[in-house]
Every structure is written in structure tokens, then in C-alpha cells.
Amino acid sequence: MAENVSLQAREREGRGKNDARRLRASGMVPAVLYAHGDGEAKVLAVPAKIVDHTLQHLGDNALYDLQGLGSGAASTARVVDVQRDPVKGHLIHVDFAPVIMTERIEVTVPLHVVGEAPGVKEDEGVLQQVLYEVQVESLPGDIPQELTLDVSSLGMNENLTLADVQLPEGVTLVSDPEDVAVTVTAPTEVTEEEIEAAGIVEEEAEEEAPEGEEAEAAEGAEEAAAAEEESEEQEGE
């Protein structure tokens, strides 16, 4: 786990959209620090760049030491919710929850696959990652930034479950250990029925349509010529 991120925060005095706009224009972002138990939440302003950089490089489970809140000691917290501008993507609002470093908490951690599966390399199978997140429990200071699953022994038509994930010391699995995380299967073969159902045959039929139209046009021309010849014979009579 990375070291705690020091974050200079201050309690907000103003409220409303206009105050929030002024904060964002000055490089700050509105935030809330929830309280333990029945305490009151604190409405804060925190540096947007530091929070955004931390979220992108250390993930959602980074711990922050919130400084400058008047209590003397820093308040340790983690981000539990983030709002972003749907167009520009910049931070609009951040929610923090306090943590006690001696109390275990449940968090969601990203799962990444490492290694090369023999079922893919040797048998030309297809590797599919089924799960991308894992629920674990640990002390705040032991939260892993990510978990990895090694597929170097995974053959064709085999799978690995969450029980195969190597957990760091002090971290326990909360998700079902029998959940399949990664599998290797044979490539899917496309049948003639599936090709026909996909409309490929219909496209071919459509391509042949102009030939049929030409035949109909030719028949129509012959009939017109015959009718004209018959008309001339009648006039001659």
C-alpha cells in the first residue's frame, strides 16, 4: 500500500452553486467528510489536482491525511464517491469517509491478469477475464492497490477462481472464492446456419437481384417489339 497522501483541506463557509463555481475556478473542489457515528459531516474544499492525480495513479483506495481542519491532528480518510463533469471529465465533488487505522474495513480492489496461458499460446484458445474486481477485508494501511492472477498454468478449457488469487499478508477474501475469474476456451466456429442467420446469404441474394431485373427488362423489350410488329401487320392489312 502506498503512503498516505497529505491533503490540505479547509472547511467551507459558503454554499450553493455560485460558491462551488468560485472554488473550482481557484483550483479547489467541493467535498464532504462524513463523521463517525452520530457526528456531523464537514463540508470542505480540497485541491482538485492532488485528488484527481491520486485517483488516477493510486486508485480509489488511497488514504488521505486531511490537514487544516482545526483539530490539530490530521484526519485520515478515503474517497467513497466522486462526481465528474460528464463532458470534460474534471472533478465536481468528492465524498470522504473517515477511517480508523486499527479497524479492518471492506474494500473493492481491481484484479489484473498476468502471464501467458499455455491454452492460448500452444492451443490457440481464447482467454476471457470474467471478474475485474475483488472484495477484500484488511486494515486501512494494508489495502492493496491491485491484485494479480497468474495464468501461466492455465490450459485449454480450464479456469481459475478467486481462490487462486494470491492475497497479501493481512488481507482476507470477502468475495466467493469459487467465483470463476479467468477461463480459456476454444475459438468459436461459425456454422452455415449462423452465417445465414446473420444475413450474409440474404446479402448475396440482394447482389444477384440486378441480374433478375435485367432478365425482366429483356422480356419486357421482347414483348414490346412483338406487339409493335403485330400492330404494323394489322395496319398493313
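The values are calculated or read from the model by the stated rules, or taken from the named source; none is laboratory data. Quantities reported herein were computed from a predicted structural model and do not represent experimental measurements. Cβ placement follows ideal geometry from the backbone for every residue including glycine, while neighbour counts extend to all protein chains displayed. Ligands, DNA and RNA are excluded from the accessible area calculation, which covers all protein heavy atoms including side chains. Shrake-Rupley method; radii C 1.70, N 1.55, O 1.52, S 1.80 Å.
Against the condition without any contact (Cβ under 8 Å) to a residue 60 or more places away in the chain, within 21 Å of the chain's Cα centre (by Cα) and farther than 28 Å from residue 49 by Cβ, how does residue 127 come out, does it pass? Working first, answer last.
Details: without any contact (Cβ under 8 Å) to a residue 60 or more places away in the chain: yes; within 21 Å of the chain's Cα centre (by Cα): yes; farther than 28 Å from residue 49 by Cβ: yes.
For residue 127, the condition - without any contact (Cβ under 8 Å) to a residue 60 or more places away in the chain, within 21 Å of the chain's Cα centre (by Cα) and farther than 28 Å from residue 49 by Cβ - is met.
Mind checking which residues of segment 109-146 are aliphatic (A, V, I, L, M) and part of a loop (DSSP other than H, G, I, E, B)?
117, 130, 131, 139, 143
Within the group 76, 54, 102, which residue is among the hydroxyl-bearing types (Ser, Thr, Tyr) and open to solvent by 40 Å² or more (accessible area, probe 1.4 Å)? Outline the logic, then answer.
Values: 76 fails: open to solvent by 40 Å² or more (accessible area, probe 1.4 Å); 54 fails: open to solvent by 40 Å² or more (accessible area, probe 1.4 Å).
Result: 102 is the single residue among 76, 54, 102 that is among the hydroxyl-bearing types (Ser, Thr, Tyr) and open to solvent by 40 Å² or more (accessible area, probe 1.4 Å).
Pairs needed: first member in segment 166-195, open to solvent by less than 50 Å² (accessible area, probe 1.4 Å) and small (Gly, Ala, Ser); second member anywhere, in a loop (DSSP other than H, G, I, E, B) and at pLDDT 95 or above; C-beta distance under 6 Å; at least 6 residues apart or different chains.
Partner pairs satisfying both residue conditions: 181/130; 181/131.
Checking residue 154 against (1) assigned to a strand (DSSP E or B); (2) crowded, with 18+ Cβ neighbours inside 10 Å; (3) among the hydrophobic types (A, V, I, L, M, F, W, C), only one condition comes out false. Which one?
Exception for residue 154: condition (1).
How many residues, within segment 39-51, are modelled with pLDDT under 95 and open to solvent by 90 Å² or more (accessible area, probe 1.4 Å)?
Counting residues in segment 39-51 that are modelled with pLDDT under 95 and open to solvent by 90 Å² or more (accessible area, probe 1.4 Å) gives 1.
Looking at segment 25-38, which of the residues that are modelled with pLDDT under 90 and in contact with a strand residue (DSSP E or B) (Cβ under 9 Å, 6 or more places away or on another chain) is surrounded by the most Cβ atoms within 10 Å (Cβ to Cβ)? Step through it out loud before you land on a result.
Applying the first criterion (modelled with pLDDT under 90) to segment 25-38 yields 35-38.
Narrowing further to those that are in contact with a strand residue (DSSP E or B) (Cβ under 9 Å, 6 or more places away or on another chain): 35-36.
Numbers: 35: 12, 36: 9.
Step by step, filter segment 25-38, then rank; the result is 35.
Consider residue 87 against the criteria (1) farther than 30 Å from residue 187 by Cα; (2) of a type in the set (A, V, I, L, M, F, W, C); (3) touching a residue at least 12 places away in the same chain (Cβ under 8 Å): it satisfies all of them except one. Which criterion is unmet?
Evaluating residue 87 over (1) farther than 30 Å from residue 187 by Cα; (2) of a type in the set (A, V, I, L, M, F, W, C); (3) touching a residue at least 12 places away in the same chain (Cβ under 8 Å) leaves (3) as the failure.
Can you tell me which of (1) in a strand (DSSP E or B); (2) within 25 Å of residue 32 (Cβ to Cβ) is the one residue 100 doesn't meet?
(1)
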